[in-house]
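Below you'll find the structure, written out as structure tokens, and then a few comments.
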Amino acid sequence: MPARRKLIIDQDTLGPATTNLQSIALLIQSPETEVLGICVPTGDHWRDHQVRHALRFLEIIGRTDIPVVPGAEQPLVNTPAATAAWEKQHGRLVYNGAWDLARPGKWADPHFTPDLPEGNPTTAPSPETAAAFIVRQARAHPGEISLWCAAPLTDIAQALALEPQLPTLVRELHFMGGSFNPTTEAREFKHTPRREFNIRFDAEAARAVLRAPWARITCSPIDVSQHTRSSPELFTAIAQAATPLSRYLDRFATRHRPMWDEVAAATWLDESLVTQTDHFFVDVNLDSGHGYGDTLSWAAGHQPRQGEQSIRVQQRLDDARFYELFRQLSSR
């Protein structure tokens, strides 16, 4: 029997359910995967709040053997004040994660942790930092670990600062983020198709990570997942399993929204779900103007040669097989 694939998850675990925790469910539920830990930086919400959602989720599905490791509380450079000043000059962002204080359920204090609708956790997070955990595990298992990331890339950038040889110590980096030319009427991308939250929230971290010489790097962008939908029928089918996970999803999963992170998880588990993959040289715009944080890309031979790396960019998905894999793993 082949060894299970070692995996470190780096995810902003806003819950309950959501694309964040539903993607983690797929990775944990796969019998082919050994999840070494879940690292949690600030992203869709503040780190400490998300850590509690992750802990409670693992309690509900009976996987408290997996450590939850707190990551970065703030981006490397970007701040709420800087973003507010940028918005006054260039217009409001459609989505701004933890800093999106106009949305219900968001607040300014990063350490405020209210009661959770799914119940408060009784377990505790790891005392280690995410960056130290990633480096320690990579050194202990050279060439074996995949880094799967669906959050702003702050934790990975900090791990690179601790261990510049990290790209040679891990098997690959697979991340959800970036936007190139998505076919969508969603206002988040219609007028700014190169702007995507995970990359923009910590653009400096994203540039550092994307310029690192990973042995293999795969991007699961908005382009490949924006058209997917978490339908009521899908969760009705999953609910028939009557497991703790299926009951959790039946109660809390949001219907009628794109399955961005779930696609990134499923396509790491089974690459054949992707029916078209392109190779681009990719970077991040760090100019302070309107395009700050935008995804940049070039065909081979046209890149400015400032450190950009060629990465695999997912473009098209076998939708039917994706939904079926999501149903199967969520029903185990």
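Some notes on this structure:
- Value of relative contact order over the chain, rounded to a whole percent, pairs C-alpha under 8 Å and six or more apart: 20
- Amide H contacts of Gly37 (H built 1.01 Å from N, in plane; Pro and chain starts excluded): Ile9 sit under 5 Å, all sequence-distant by 5 or more or on other chains.
- Cut-off 13 Å between beta-carbons: net charge of the residues surrounding Glu233, Lys and Arg +1, Asp and Glu -1: +1
- Burial ranking of peptide ranges 122-135, 26-39 (average Cβ count within 10 Å, highest at the top): 26-39, 122-135
- All other residues whose Cβ lies under 12 angstrom from that of Leu286 are scored, Lys and Arg at +1 and Asp and Glu at -1, for a net of -2.
- Per-peptide packing, taken as the mean over residues of other Cβ atoms within 10 Å, places 63-74, 230-241 in the sequence 63-74, 230-241 from highest down.
- Distance between the pseudo-spin-label points of Thr64 and Thr168 (7 Å out from Cα toward the beta carbon): 4.2 nm.
- Bridge type composition, the chain - antiparallel percent by DSSP, nearest 5: 35
- Taking the helices alone, the chain has a mean residue ellipticity at 222 nm of -10000 deg cm²/dmol, built from -39,500 (n - 2.57) per DSSP H run of at least 4 residues and averaged over all its residues.
- Put a plus charge on the Cβ of each Lys and Arg, a minus charge on the Cβ of each Asp and Glu, and nothing anywhere else: the dipole of the chain about its Cα centre is then about 200 debye.
- For the chain, built as a Gaussian network whose Cα springs stay under 10 Å, the top-fluctuating residue of Ile24, Ile222, Ile311: Ile311
- Whole-number D in µm²/s for region 189-332 (Stokes-Einstein; Kirkwood sum over Cα pairs; 20 °C, 1.002 mPa s): 127
- Between the amide H of Leu296 and those of Asp283, Val284, Asn285, distances stay under 5 Å, these residues lying 5 or more places away or on another chain, with hydrogens modeled in the peptide plane.
- The smallest convex shape that holds all Cα atoms of the chain, its convex hull, gives 133 Å³ per residue.
- Label-to-label distance, Ala102 versus His290, with points set 7 angstrom from Cα along the beta-carbon direction: 1.9 nm.
- With a cut-off of 11 Å between beta carbons, the residues surrounding Trp214 carry a summed charge of +3, where Lys and Arg count +1 and Asp and Glu -1.
- Placing R0 at 22 angstrom, the Cβ-Cβ distance between Arg332 and Arg251 gives a FRET efficiency of 0.75 after rounding to 0.05.
- Centre separation in Å (Cα based) which lies between region 25-41 and region 304-328: 19
Each reported figure results from applying straightforward, stated rules to the coordinates on display, with no laboratory input. What you see is a predicted model, and the numbers here were worked out from it, not measured in a lab. Using ideal geometry, Cβ is built from the backbone for each residue, glycine included, and neighbour counts are taken over all protein chains shown.
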